[in-house]
Structure formats: C-alpha cells, structure tokens
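The values are calculated or read from the model by the stated rules, or taken from the named source; none is laboratory data. Values in this document were obtained by computation on a predicted structure and should not be read as measured data. Every residue, glycine among them, receives a Cβ derived from its backbone with ideal geometry; neighbour counts consider all protein chains shown. Just so you know, the surface numbers come from the protein's heavy atoms only, side chains and all, with ligands and any DNA or RNA stripped out. Shrake-Rupley method; radii C 1.70, N 1.55, O 1.52, S 1.80 Å.
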Amino acid sequence: MIRTAVPDDVPVIHEMVRELAEYERALHEAKATEEQLREALFGERPAAFAHIAETDAGEVAGFALWFLNFSTWRGVHGIYLEDLYVRPRVRGGGHGKALLTELARICVARGYERLEWSVLNWNAPSISFYESLGAKPQDEWTVYRLTDGALASLGS
C-alpha cells in the first residue's frame, strides 16, 4: 500500500533517510533533523512531499521524498525524486515499483512531463531496477553541487 506521508511519519522518514545515507556510504553527510523534515514536508509552505510504502501488515517498508522542478524546455513542472528507499528486509516485494508508479501517476494526472532522479554509479541493483521500468540514464549531463565553504564563499 502507498499513502501520502503524514506528520506522524516524520520520525520513521528521518530514520530511513539515515539508513539510505548509510547504504550510500555517506552517513556523515546526513545532517537533517526531524524538525527540518517536519518543516519541509508539513510547514506553512511545504518544499517537499513524501509517500510511504507499507507492507500488508502495516509496517513501513519504504518511502519516496520528492519536490517539484520546472522544465523551461517543456514549459511545465516535473517531479524530482530526492530519495527512494525500501528497507532491505522487504526488498523485492514491489514497494519501490509501487512508489515510482504513484509518482508517475501524479505526473500524468497533473500534466507534469518528467520524473527524474539521480543514482550512484556503483549502485548496480538500483540501476537495473530503474532500467527495467524504462528509465534512461542522462549520461550527457554531470551533476554539480556547491555546499559548505564553497557555497558560503560564493554567496557572500
């Protein structure tokens, strides 16, 4: 079952964000707090959205956290999937596909023309999964990021 996240889900979302960061070998970079997630998802002006996958027994199996982007070429919004995570003990049960299916449904219903995300180059299981759904790598593009000191220096 896929459902829209509610404020009571914030602790488990935070927990899974940290699990994902550990899986991606970057736990030391996962600095977001529960309070920050609560504000981003459920504050006065939400900046992000989340969906929860549950097992038949009602256990939280995974989540998708996303936000809107905009394509100047297409002239419409799209969804950028920041995090997709399914807990290891329930992987293979269709939860990841169900989460992506729900985001694709939202795109179609709202007239959004893109559903995009990033995946680490070494994450072969995820890459195979995404490609099995028809997703195509955008290998002509390289992601750039400013953080910490470089961001502060440029911004001041």
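Below 8 Å between Cα atoms, with a sequence gap of 6+, how large is the relative contact order for the chain in percent? Display every interim value, and only then the final one.
Working: 184 pairs, mean separation 27.4, N = 156.
Averaging sequence separation for qualifying contacts and normalising by length gives 18 percent for the chain.
Dividing the helix sum by the residues of the chain, where each DSSP H run of 4 or more adds -39500 (n - 2.57), gives a mean residue ellipticity at 222 nm of -11000 deg cm²/dmol. Rounded to the nearest whole Hz, the Karplus-based 3J(HN,Hα) values (6.51 cos²θ - 1.76 cosθ + 1.60, θ = phi - 60°) of segment 10-22 follow the sequence 3, x, 6, 5, 4, 4, 6, 4, 5, 4, 5, 4, 5, with x at glycine and proline.
The charge dipole of segment 19-156, taken about the Cα centre with unit charges on the Cβ atoms of Lys, Arg (+1) and Asp, Glu (-1), comes to about 360 debye, rounded to the nearest 20.
Note: the chain, Cα convex hull, 153 Å³ per residue.
What is the percent carbon and sulfur in the accessible area of the chain, measuring with a 1.4 Å probe over the protein chains and ignoring ligands?
Values: 5470 of 10350 Å².
Carbon and sulfur: 53 percent of the exposed surface of the chain.
Restricting segment 89-156 to chymotrypsin sites (Phe, Trp or Tyr not before Pro) that sit in a DSSP loop and have at most 15 other Cβ atoms within 10 Å of their own Cβ leaves 122, 141, 144. Here the alpha carbons of segment 103-156 define both size measures, Rg and Dmax, at 15.8, 45 Å. Averaged over its residues, the chain has an accessible area of 66 Å² per residue, based on protein heavy atoms and a 1.4 Å probe. Of the GluC sites (Glu not before Pro) found in segment 87-156, those that fall in a DSSP loop while having at most 10 other beta-carbon atoms within 10 Å are 140.
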